Amino acid sequence: MFKKVLIANRGEIACRIIRACRELDVKAVAIHSQVDRESMHVRLADQSVCVGEASASDSYLNIPSIIAAAEISGADAIHPGYGFLAENTYFAEVCEACGLKFIGPSRESIEQMGDKIAAIELMKKSGVPVVPGSGGPISADDPKIFAMAKKIGYPVIIKATAGGGGKGMRIVTSEQTLQNAIIIAQTEAKAAFGNADVYMEKYIEEPHHIEFQILGDKYGKTAYLPERDCSIQRRHQKLVEESPSPLISESLRKKMGKAARHAAAAVKYVTIGTVEFLVDKKGRFYFMEMNTRIQVEHPITEMVTGIDLVKEQIKLAVGEKLSVISEKVKVSGHAIECRINAEDPDKDFIASPGKIGKLYLPGGPGIRIDTHVYSGYTIPPYYDSLIAKIISFGADRGESIARMQRALREVEIENVKNTASLHVKIMDSEQFRKGGVSTDFLSKHIFGK
Ligand code: ADP
């Protein structure tokens, strides 16, 4: 086992990883920016190092500073969490070159899955179903795009090759708006990822976002865990996740799980990751992308399987053999996660940083809270707006929803606008309670009202 792990992240995920380290009897080193001195992850860690000024590029993305912090503190491994450097091949390479174990897959796996077009082509070759598409980058001034879109069939979606967080995406319903949409998506992609490449694929109407947690060891063994349904999204970004999905039958679960394992095996995947699929109205599924890191929504899988994914990830990075056997994993109950963001739902979700006054976060049976905030904590404006994850667990979906409903009503976050009230509306809505909603649920049933 590692002796000391440096966590190259902040916020709730840094706290989550520190907790896993503690349970494994591994020392945890926090890094922080100048404005994060008072952050919970710094308090929880055994040791902390300031790596730079407030802006992420000076601190949580500052590779030389982070590597120096690991060397000074005597860490033997680095956990990147999610976001920031988690899927940065250069960082993974530098870690390994400096003798620091990167707790994640190999640089090659990250690279193979980081370029979405290349990933889709690889999946096609491996027999995993993919969405019909351009198969390569497209440009607005290429006259062939019109025939291509016609062949794929409108509506189509333009997506960024380096995409993430739903940015750089445009749905196109007719050829009149095709060129413009490509240009806008390219501009957005360039601003968000520094890479303007975009591609085209069929827009699956009223789809469901279903993803599978996969695990792999360095001896070539892989496993999948039952699905997470992440169809409740705002602007292609997840807001609520649940497991298992009310939509997926046992036979479809097995088929999709097998495809997810194929995907993992195709890139010789080690540690944990997620294979994302879209499922259409007819129950057909298509590979969308693979995330080579721990996901925000991992706790719901932990709740229904009893497997601690972060500890599993660390053990697999050390080189331990995979102990999970998909066929033997017993799913019990049902779990839901609501992401509480410091955003104002009444003002188009504008970020709402600032100092939290009184804070009360719920508890009681079946409620887990993953957070880094506390009463008197100042949310800095520099990073993402996720301040807490409320996870409910119940014997069945009904109990899980009921627990989430009462937990959300207990939330009190003074002075900071947040998304708890939006989640109350979602949990109370008839369509959500019925189950199996598609990704247009929010625009149709919550904002459409
Ligand atoms: P990102 O990496 O930005 O999160 P994804 O490829 O994971 O992008 O897609 C995010 C969301 O965008 C999906 O969950 C889905 O709601 C929507 N989406 C992406 N591709 C398609 C498609 N071909 N058809 C319909 N919806 C799509």
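Descriptive notes on the structure:
- Span from the segment 334-378 Cα centroid across to the segment 142-189 one, whole angstrom: 35 Å
- Contact order normalised by residue count of segment 132-202, Cα under 8 Å, 6+ apart, percent: 43 percent
- Taking a Cβ cut-off of under 12 Å around Asp280, the surrounding Lys, Arg, Asp and Glu residues balance to a net charge of +2, with basic ones at +1 and acidic ones at -1.
- Dividing the radius of gyration of the alpha carbons in segment 132-202 by their Kirkwood radius gives 0.93 for Rg/Rh.
- Max mean-square fluctuation residue, GNM over the chain, Cα-Cα springs under 10 Å, options Lys27, Lys255, Lys144: Lys144
- Calculated over segment 1-107: convex hull of Cα atoms, volume per residue (Å³): 84 Å³
- Taking segment 4-103 and dividing mean pair separation by its residue count, relative contact order in percent (alpha carbons under 8 Å, at least six apart): 29 percent
- Karplus-derived HN-Hα couplings along segment 353-365 (A = 6.51, B = -1.76, C = 1.60, θ = phi - 60°), whole Hz, x at Gly and Pro: x, x, 8, 7, x, 5, 9, 10, 10, x, x, x, x
- Translational diffusion of segment 166-255, µm² s⁻¹ [Kirkwood Rh, Cα pairs; Stokes-Einstein; 25 °C; 0.890 mPa s]: 154 µm²/s
- Per residue solvent-accessible surface (Å²) - segment 208-446, probe of 1.4 Å: 39 Å²
- Remark: segment 232-239, residue by residue, has Karplus-estimated 3J(HN,Hα) of 8, 9, 10, 6, 6, 10, 5, 10 Hz, where x stands for each Gly or Pro and the curve is 6.51 cos²θ - 1.76 cosθ + 1.60 at θ = phi - 60°.
- Percentage relative contact order, the chain, counting C-alpha pairs under 8 Å, at least six apart: 14 percent
- Whole-Å distance, taken between Cα centres, linking segment 414-444 and segment 211-255: 20 Å
- In the chain, a dipole from Cβ-located charges (positive for Lys and Arg, negative for Asp and Glu) runs towards its positive end, and of Ala86, Cys50, Gln237 it is Gln237 whose Cα lies farthest in that direction.
- Loop-resident GluC sites (Glu not before Pro) (DSSP state other than H, G, I, E or B) in segment 343-449 with no more than 13 further Cβ atoms inside 10 Å of their Cβ: Glu414.
- With all protein chains kept in place, the per residue accessible area of segment 1-134 amounts to 40 square angstrom at a probe of 1.4 angstrom.
- Ratio of the Cα radius of gyration of the chain to 2.2 N^0.38 Å, where N counts its residues: 0.95
- Accessible surface of the chain, 1.4 Å probe, proportion on carbon and sulfur as whole %: 50 percent
The values are calculated or read from the model by the stated rules, or taken from the named source; none is laboratory data. Values in this document were obtained by computation on a predicted structure and should not be read as measured data. Glycine gets a Cβ as well: all are built from the backbone with ideal geometry, and neighbour counts include every protein chain shown. Just the protein is used for accessible areas: all its heavy atoms, side chains included, with ligands, DNA and RNA removed. Shrake-Rupley method; radii C 1.70, N 1.55, O 1.52, S 1.80 Å.
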